[in-house]
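As structure tokens, the structure follows; a few thoughts come after it.
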Amino acid sequence: KIQISSDTPAGFYIRNADWWKHQSVTEQGYLIVSTLLDGPRIARVRLSPDESVGEPEQAKDASFTCARDYNNFAWLAEDPYVRGLQERWRWQNTPLGGAGKLILNNPGDYVAYVEQVGTGPGRWKVQGDNGVLITFPQIVANDAVRIDTDRLRPAVTNATGINLWAQMGGQRLRLSVPPRTSKTIRVELLGGNASSAIVSVIRPRYARLW
């Protein structure tokens, strides 16, 4: 059930119009549900084309009640997964040691594939699922290597989106985190400085909004 209400009739009509202005049967929007236990979860949805959707539940004039209930409200999600807040971890080469760790946390219901951004200068090495360090192309200052380990859409690019697969020598980083677990991986940097850093990003996926 969706309830829209206000303290005054004018306030209700403004809120109600704003609500419907942001509904579309053709364009996707964001449905966000937040709880104290799980925090916000996000789904990309569009309004169901069913003609019964949005019929008000009560017959009373909203000018008197300053409220309206929509009992039969439905959205369609083209992506079956619900997303949670990103889980990030950052390591910077400030001690100039050239080696550090990233902690990868996946609170979601499904396996997570890690995204990483390593800034230059330097040549990054990242530990994969098999324990082997994969070496990435050399990058200069003010550039970055972007790594996506999604098993269906793997990618290695620089900061401007140029494909770097040709420089990988046949190597591919396979890096995933099982649901509701964490893992720690090693990273190394060759030829970097104190401004070189690497960030890992996990976008947890859930089966439901709450």
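The listed residues THR149, THR135, once ranked by accessible area (1.4 Å probe) with the largest placed first, stand as THR135, THR149. When peptides 159-170, 65-76, 10-21, 193-204 are ranked by their average number of other Cβ atoms within 10 Å per residue, the highest-first order is 193-204, 65-76, 10-21, 159-170.
Placing unit charges on the Cβ atoms only, positive for Lys and Arg and negative for Asp and Glu, gives the chain a dipole magnitude near 980 debye about its Cα centre. What shape does the range 92-166 take by its C-alpha gyration tensor, where a ≥ b ≥ c are the square roots of the eigenvalues and a/c under 1.5 counts as rounded, a/b above b/c as prolate, and the rest as oblate? Verdict is oblate for the range 92-166.
Think of the chain as a dipole: +1 on every Lys or Arg Cβ, -1 on every Asp or Glu Cβ, centred on the Cα centre; then among GLY97, TRP165, LEU152, GLY97 lies furthest on the positive end.
Restricting the calculation to Cα atoms, every distinct pair contributes to the Kirkwood radius of the range 106-210, found to be 14.3 Å. With θ taken as phi - 60° and the Karplus curve 6.51 cos²θ - 1.76 cosθ + 1.60 applied, the whole-hertz 3J(HN,Hα) list for the range 90-103 is 10, 10, 10, 7, 5, x, 6, x, x, 8, x, 9, 10, 9 Hz, x standing for glycine and proline. Distance between the modelled labels on LYS21 and ALA74, one decimal in nanometres: 2.8 nm (7 Å Cα→Cβ projection). Once the C-beta distance of VAL132 and SER182 is scaled by a Förster radius of 25 Å, the resulting FRET efficiency is 0.80 to the nearest 0.05. Taking the Cα centre of the range 12-99 as reference, the dipole from Cβ charges on Lys and Arg (+1) and Asp and Glu (-1) amounts to some 500 debye.
Relative to the longest principal Cα axis of the chain, at what angle does helix 9-21 sit, 0 to 90 degrees, rounded to 10? Taking the Cα atoms of the chain, the angle to 9-21 is about 50 degrees. So which trypsin sites (Lys or Arg not before Pro) in the range 148-189 end up in coil per DSSP with only 15 or fewer other C-beta atoms within 10 Å? Within the range 148-189, the qualifying trypsin sites (Lys or Arg not before Pro) (loop, at most 15 other Cβ atoms within 10 Å) are ARG151, ARG172, ARG174, ARG180. Cα centroid separation, the range 34-50 to the range 185-210: 26 Å.
The values are calculated or read from the model by the stated rules, or taken from the named source; none is laboratory data. Bear in mind that the values here come from a model prediction, so they are computed numbers and not experimental data. Don't worry about glycine lacking a Cβ; one is built from the backbone with ideal geometry, like all the others, and counts go over all protein chains shown. Note: areas computed on protein heavy atoms with side chains; ligands, DNA, RNA excluded. Shrake-Rupley method; radii C 1.70, N 1.55, O 1.52, S 1.80 Å.
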